[in-house]
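Report on the structure given below.
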Amino acid sequence: MTSMHPLELGVNIDHVATLRQARITSYPDPVAAAVSAVAGGADSITVHLREDRRHIQERDVLLLQESLRVPLNLEMAVTRGMLDFAHKVRPRFCCLVPERREELTTEGGLNVAAQVPRITDACAQLHAAGIRVSLFIDPAPAQIDAARECGAPAIELHTGAYADAGDAAARGRELKSIQQATEQGLRLGLHVNAGHGLNYDNVHHIARIAGLRELNIGHSIVAQAVFVGIEQAVRGMKQLLQEARSP
Ligand code: PXP
């Protein structure tokens, strides 16, 4: 399946900052990486300001918001501190994610269905600051209904289970649930994005899902950048998205 919409690529540059924080140096600078990612065709730049500040720092977010010529998408936990920070920075997009200190990466979607009043309130606060919210959720019908109930204009479907599937049958099942979740989101009038664990080998079938508007990809692009530079790594991923959407 293809879509009339071009599929946008949001490039997550967290792991440029991971490399910097490994030695607490001033390099590599994620802001400079963002400039190269945009030169390679990134439609937006994503960063996750984690509570433990293990990679992206507040300074990075502030500089990116000041200097980028594409939208900044700030991923964040639903906490008072992060909501206040988002209010101060006013990025174009905020993606609300679950966060556990001990996790290696964001391991599952936000359980929106279990906390509708709290997420509704966060969405309203961000909306009032002119920020467009998306909720990072598993491709599960109850979560998509709950996202709609909270008033979020957009969702990002967690593709981690698809990326981690152990065999073709499991991968097929995960792909189907992402397709169905996309259709459900579109029926409810939501803007549907996807991401997590996508790489140059597994992105094709996700990119072909009709109606998906944006993929957010980080780790695999930064890893490829070690060999070819970030501009070329982004260009390569953009090309795969374009090929997947060609008739
Ligand atoms: N989308 C969201 C909401 C995420 O939390 C992450 C990881 O920070 C990504 C996309 C990108 O995942 P990956 O680094 O595996 O491409």
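Values computed for the structure shown
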| quantity | calculated |
| --- | --- |
| Wholly within the range 1-97, helices (runs of 4 or more DSSP H) carrying at least 2 residues that are in contact (Cβ under 8 Å) with a residue 60 or more places away in the chain | 14-23, 30-39 |
| Residues (within 20 Å of Ile56 (Cα to Cα) and more than 7 Å from the ligand (Cβ to nearest atom)) located in the range 216-228 | Ile221, Val222, Ala223, Gln224, Ala225, Val226 |
| Tally of residues being crowded, with 24+ Cβ neighbours inside 10 Å and within 12 Å of the ligand (Cβ to nearest atom) across the range 134-158 | 8 |
| Meets criteria (small (Gly, Ala, Ser) and either touching a Gly at 6+ places or on another chain (Cβ under 7 Å) or within 16 Å of the ligand (Cβ to nearest atom) (or both)) for Ala32 | no |
| Sole residue being modelled with pLDDT of 95 or more, aliphatic (A, V, I, L, M) and in contact with an Asp or Glu (Cβ under 6 Å, 6 or more places away or on another chain), chosen from Leu83, Leu9 | Leu9 |
| Subset of the range 193-211 (residues that are of a type in the set (A, V, I, L, M, F, W, C) and away from the ligand (no atom under 13 Å from the Cβ)) | Ala207, Ile209, Ala210 |
| Qualifying residue in the range 101-121 (condition: crowded, with 24+ Cβ neighbours inside 10 Å, within 21 Å of Ile178 (Cβ to Cβ), within 13 Å of the ligand (Cβ to nearest atom) and within 20 Å of the chain's Cα centre (by Cα)) | yes |
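The values are calculated or read from the model by the stated rules, or taken from the named source; none is laboratory data. Small disclaimer: the values here were computed from a predicted structure and weren't measured. Note that each Cβ is placed from the backbone with ideal geometry, even for glycine, and that neighbours are counted across all protein chains shown.
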